[in-house]
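The values are calculated or read from the model by the stated rules, or taken from the named source; none is laboratory data. Everything numeric in this text was worked out from a predicted model, so none of it was measured. Note: ideal-geometry Cβ built from the backbone for every residue, glycine included; neighbour counts use all protein chains shown.
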Amino acid sequence: MLTDPRGKRRRLIFSGIRKAGPLARVDLADMTGISQPTVTTLTAELLRAGLIEEVTPEIPPSSAPRGRPRIALQVRGTAHRVVGLKLAERTISAVLTDFRNQVLAEYSIETGGTAMSLEEAGAAVERVVTELAARAGRRKPRLSAVGIGLPGAVDGERGIVHWSPVLSDRAVALADSLGARLGLPVFVENDANLVAVAEQFYGAGRQVGTFLVVTIEEGVGLGVVLDNAVYRGARGFASEFGHMKVQPGGALCRCGQRGCLEAYVSDYALLREAGDLPGIASAGSPAERLAALLDASRSGNAEARAIVDRAERYFALGLANLITLFDPPLIVLSGERTLHDYLVAEDVLASIRGLQHPAGAAPPEIVVHRWGNKMWARGAAAHAIDGVAERIMAGLDTGA
Ligand SMILES: [Zn+2]
């Protein structure tokens, strides 16, 4: 826990510049509540450390104030290059970005759809990072860090993955293992938390300090941002929304427990229920079978409709419970595939409003963002930027 007030203010300033830059010092002082002389001192340290740079914002001549143009501060894009990867069940998607999270190169591979051992994951990640570096015209050693997002119970601080549907090994020191393999600092995090980080700095979360991100993919994830910080829990296990129990002794989840939300709304749960329905088991790939199930439901097949209805009911129940717990002003529902549109349909949102407590209270704003894999990978790169900046600022703390 950081107790040095100077270090804390420095981080506040860096994060303010990152979120709202380019920003003049006077606006930074207003935004953070830190006095202008302190802002001047601390931004001078960040400038010397190469984390930020001064720019003169382009102002149209008609609205330009008289006198000297105001100098603004922004994160120094060329300071570092990082890679962000999203490890999913069938793909690894990756981007190489500058220090302002601008994408310089992207690359993705198919992984075959089965959980990988630590060794297999390491080899695949190394292949992707090397290819990306080549595409960006850089050698791997010129990179500053790699950020990795994956679903499951991830202790980001210690870099340990306790459980993930992507890995067959349990309780693995993924960050250390990949770091040794790549010769680079590696930062790992739950993938939904990374979407929350990216929304916080570059998306809908720029406007509010507290919000929730619910991710809908093969599983269901949650990122919680409370008062401008991602909430991870004491051991990094917090906000495993998909494994919140919604039915005592209910359906078996792939995490090994029973009655989890995911065991009712994830793709595999729907396909398990639909297994015997005619025309669905024979439809081909999991995505094709899911599409066939949803088609059957829409065209009035009662059994298909019952399966989809149940998923909707459980999803609405889970979201209403989140609203009751956190009272967020904003919820971002994030899923790439239109296959999951039924979960964000108007009747589902209406039943959420009917279930939240207190009854009749105004519902939070709920927005739907279609994040492709590339955006998740950008979130992982943003996490790597965090990690690099944090290490540099820790050096300033001891020097201060
Ligand atoms: Zn579970």
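Quick one: in the range 191-229, of everything that is within 16 Å of the ligand (Cβ to nearest atom) and in a loop (DSSP other than H, G, I, E, B), which residue is surrounded by the most Cβ atoms within 10 Å (Cβ to Cβ)?
Filtering the range 191-229 for residues that are within 16 Å of the ligand (Cβ to nearest atom) and in a loop (DSSP other than H, G, I, E, B), the one surrounded by the most Cβ atoms within 10 Å (Cβ to Cβ) comes out as 219.
Determine whether the range 294-303 contains at least one residue that is outside any helix (DSSP H, G or I), away from the ligand (no atom under 14 Å from the Cβ), at pLDDT 90 or above and loosely packed, with under 15 Cβ neighbours inside 10 Å.
Within the range 294-303, one or more residues are outside any helix (DSSP H, G or I), away from the ligand (no atom under 14 Å from the Cβ), at pLDDT 90 or above and loosely packed, with under 15 Cβ neighbours inside 10 Å.
Report whether or not residue 342 is at pLDDT below 90, more than 24 Å from residue 226 (Cβ to Cβ) and either in contact with a helix residue (DSSP H, G or I) (Cβ under 7 Å, 6 or more places away or on another chain) or not assigned by TED's automatic domain parsing to the domain that holds residue 269 (or both).
It is true that residue 342 is at pLDDT below 90, more than 24 Å from residue 226 (Cβ to Cβ) and either in contact with a helix residue (DSSP H, G or I) (Cβ under 7 Å, 6 or more places away or on another chain) or not assigned by TED's automatic domain parsing to the domain that holds residue 269 (or both).
Considering only residues that are of a type in the set (Lys, Arg), out of contact with any Gly (no Cβ under 9 Å at 6 or more places or on another chain) and under 21 Å from residue 92 (Cβ atoms), which ones fall in the range 344-400?
Answer for the range 344-400, where residues must be of a type in the set (Lys, Arg), out of contact with any Gly (no Cβ under 9 Å at 6 or more places or on another chain) and under 21 Å from residue 92 (Cβ atoms): just 374.
Working only within the range 26-51, note down all residues that are assigned to a helix (DSSP H, G or I), of a type outside the set (S, T, N, Q) and surrounded by 16 or more Cβ atoms within 10 Å (Cβ to Cβ).
27, 28, 29, 31, 39, 42, 45, 46
Go over the candidates 326, 315 one by one and state the one that is within 16 Å of the ligand (Cβ to nearest atom), out of contact with any Asp or Glu (no Cβ under 9 Å at 6 or more places or on another chain) and closer than 28 Å to residue 197 by Cβ.
Only one candidate qualifies: 315.
Keeping to the range 103-146, report how many residues are free of Cβ contacts under 8 Å to residues at least 12 places away in the same chain and crowded, with 21+ Cβ neighbours inside 10 Å.
Qualifying residue count, the range 103-146: 0.
Hey, any hits in the range 266-278 for a residue that's within 16 Å of the ligand (Cβ to nearest atom), in a loop (DSSP other than H, G, I, E, B), touching a residue at least 40 places away in the same chain (Cβ under 8 Å) and not aromatic (Phe, Trp, Tyr)?
yes
Can you confirm whether the range 360-369 contains a residue that is modelled with pLDDT of 80 or more and either part of a helix (DSSP H, G or I) or closer than 30 Å to residue 142 by Cβ (or both)?
no
If the Cβ limit is 8 Å and pairs must be 6+ apart or interchain, which residue in the range 80-102 that is at positive phi pairs with which residue that is of a type in the set (Ser, Thr, Tyr)?
From residues that are at positive phi, the pairs are 101/202.
Among the listed residues 204, 180, 175, identify the single one that is assigned by TED's automatic domain parsing to the domain that holds residue 386 and in contact with a strand residue (DSSP E or B) (Cβ under 6 Å, 6 or more places away or on another chain).
That would be 175, the only listed residue that is assigned by TED's automatic domain parsing to the domain that holds residue 386 and in contact with a strand residue (DSSP E or B) (Cβ under 6 Å, 6 or more places away or on another chain).
To keep it simple, each residue is scored yes or no on (1) exposed (fewer than 12 other Cβ atoms within 10 Å of the Cβ); (2) modelled with pLDDT under 90.
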position: 3; (1), (2): yes, yes
position: 24; (1), (2): no, no
position: 57; (1), (2): no, yes
position: 85; (1), (2): no, no
position: 90; (1), (2): no, yes
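Which of the residues that make up the range 345-359 are assigned to a loop (DSSP other than H, G, I, E, B) and either small (Gly, Ala, Ser) or over 26 Å from residue 226 (Cβ atoms) (or both)?
345, 359
Just checking, how many residues over the range 28-46 are more than 27 Å from the chain's Cα centre (by Cα) and touching a residue at least 24 places away in the same chain (Cβ under 8 Å)?
6
Among the numbered conditions (1) touching a strand residue (DSSP E or B) at 6+ places or on another chain (Cβ under 6 Å); (2) not in a helix (DSSP H, G or I), tell me where residue 137 comes up short.
Here residue 137 meets the rest and fails (1).
Can you pull out every residue in the range 251-265 that is outside any loop (DSSP other than H, G, I, E, B), without any contact (Cβ under 8 Å) to a residue 40 or more places away in the chain and near the ligand (Cβ under 7 Å from one of its atoms)?
260, 263 - these are the residues of the range 251-265 that are outside any loop (DSSP other than H, G, I, E, B), without any contact (Cβ under 8 Å) to a residue 40 or more places away in the chain and near the ligand (Cβ under 7 Å from one of its atoms).
I need the full set of residues from the range 230-250 which are within 11 Å of the ligand (Cβ to nearest atom) and surrounded by fewer than 17 Cβ atoms within 10 Å (Cβ to Cβ), in order please.
Within the range 230-250, 245, 250 meet the criteria.
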